[in-house]
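Below you'll find the structure, written out as structure tokens, and then a few comments.
Coordinate-derived values only; no laboratory data. Since this is a predicted model, take the numbers as computed values, not measurements. Ideal geometry is used to build each Cβ from the backbone, glycine not excepted, and the neighbour counts take in all protein chains shown.
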Amino acid sequence: MRYPRVSGLVSVVVTNYNKADYIEECLNSIAKQTYKPWELIIIDDHSTDHSRERIERWLKGRSYPPACSALFIPLPRNVGFSGALSHGYFMSRGEYIAVQDSDDWSHPDRLHKQVEHLKANPHIDLVGSNYTAFKVDAEGNLQYTEPKWLKYGEHIMTSYNKGRHCICHGTLLFRGQLFDSMGGPTRKMDGAEDYEFIAKSLANQAKIDNLRDVLYYYRLHPDQRSREFYSRKGGK
């Protein structure tokens, strides 16, 4: 039996595997959140690049706003995306848990708007948001793409009933009690963990919503895990 969750605290779980080139920008976006309090839980899934050094450098000497903190857990072996996520969820203390992929970044108001939505809608257990995909062209300019696969309101349940996916995983923020009651994503899947977690949440009678605000920035690059799915669906 775990200790009671800390009221108002958002546990932001960042899992990382070989994203050294992007991890600091990701972490900076959490440090700049207007919502407080938060705790940052960084799980490195035994990276073979310079991720660990980059994370430790980012953490070294950093000061945090009142009631905010960071925890770094470098895993001794690679356990896969689902295993790393579940480890972070288990370590979380917050009333709310947020997901952040290590190659992306969040809008400064992301946590604030998502938490406020859950506070105003106590029947909602999990909320995602709209996002923008971006890439850097050969000249160093940012190119943006709007997703066309997200759904909102009552259309979310309809979509999943048809076996479709309509919520961007990196945008998730959910009540900690949802994880406490049903656990994290299964470790028996490779490449569809985000879909399975949402489907399992719905099967456990969770209520889910998506905000139309663009609160997340999804980086397009050759090494991303979901690149194949993105190219098939036109979205993340």
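Among 158-164, 52-58, what's the highest-first ranking by average C-beta atoms within 10 angstrom per residue?
52-58, 158-164
With θ set to phi - 60° and the Karplus curve 6.51 cos²θ - 1.76 cosθ + 1.60, what are the ³J(HN,Hα) couplings of the range 45-56 in order, to the nearest whole Hz, using x for Gly and Pro?
In residue order, the calculated couplings are 8, 6, 4, 10, 9, 9, 4, 4, 5, 5, 5, 5 Hz.
Sort 30-39, 71-80, 86-95 by the packing proxy (mean of other Cβ within 10 Å over each peptide's residues), most packed first.
86-95, 30-39, 71-80
Tell me the relative contact order for the chain as a rounded percent, counting alpha carbon contacts under 8 Å between residues six or more apart.
Relative contact order comes out at 24 percent.
Hey, can you grab everything whose amide H is under 5 Å from the amide H of LEU211? Only 5+ residues off in sequence or another chain; H modelled, so Pro and N-termini drop out.
Sorted by chain and number, the residues that satisfy this are GLY128, SER129, ASN130.
Using θ = phi - 60° and the Karplus relation 6.51 cos²θ - 1.76 cosθ + 1.60, list the HN-Hα couplings for the range 148-158 in order, rounded to whole Hz, with x at every Gly or Pro.
The phi angles translate into 10, 10, 6, 10, 9, x, 5, 6, 5, 4, 4 Hz.
Counting other beta carbons within 10 Å of each Cβ, put VAL136, VAL13, VAL214 in order, fewest first.
Ascending number of Cβ neighbours within 10 Å: VAL136, VAL214, VAL13.
At a 10 Å Cβ-Cβ cut-off, how would you order PHE81, PHE197, fewest neighbours first?
Fewest-to-most ranking of PHE81, PHE197: PHE81, PHE197.
Given a 10 angstrom Cα cut-off, can you work out which residue in LEU173, LEU59, LEU215 is the most mobile in a GNM of the chain?
Most flexible of the set in this elastic network: LEU59.
List the residues, sorted by chain then number, that are 5 or more residues from SER102 or on another chain and whose placed amide H is less than 5 Å from its amide H.
THR15
Based on other C-beta atoms within 10 Å, arrange LEU40, LEU118 from fewest to most.
LEU118, LEU40
Quick one: which residues, 5+ away or cross-chain, put their amide H under 5 Å from the amide H of ALA133? H built at 1.01 Å from N.
Residues meeting the amide H criterion: THR145, TYR218.
Could you tell me which of the pairs LYS19/LYS119; LYS60/LYS148; LYS32/LYS119 are separated by over 32 angstrom between their Cα atoms in the structure shown?
With Cα atoms farther than 32 Å apart: LYS19/LYS119; LYS60/LYS148.
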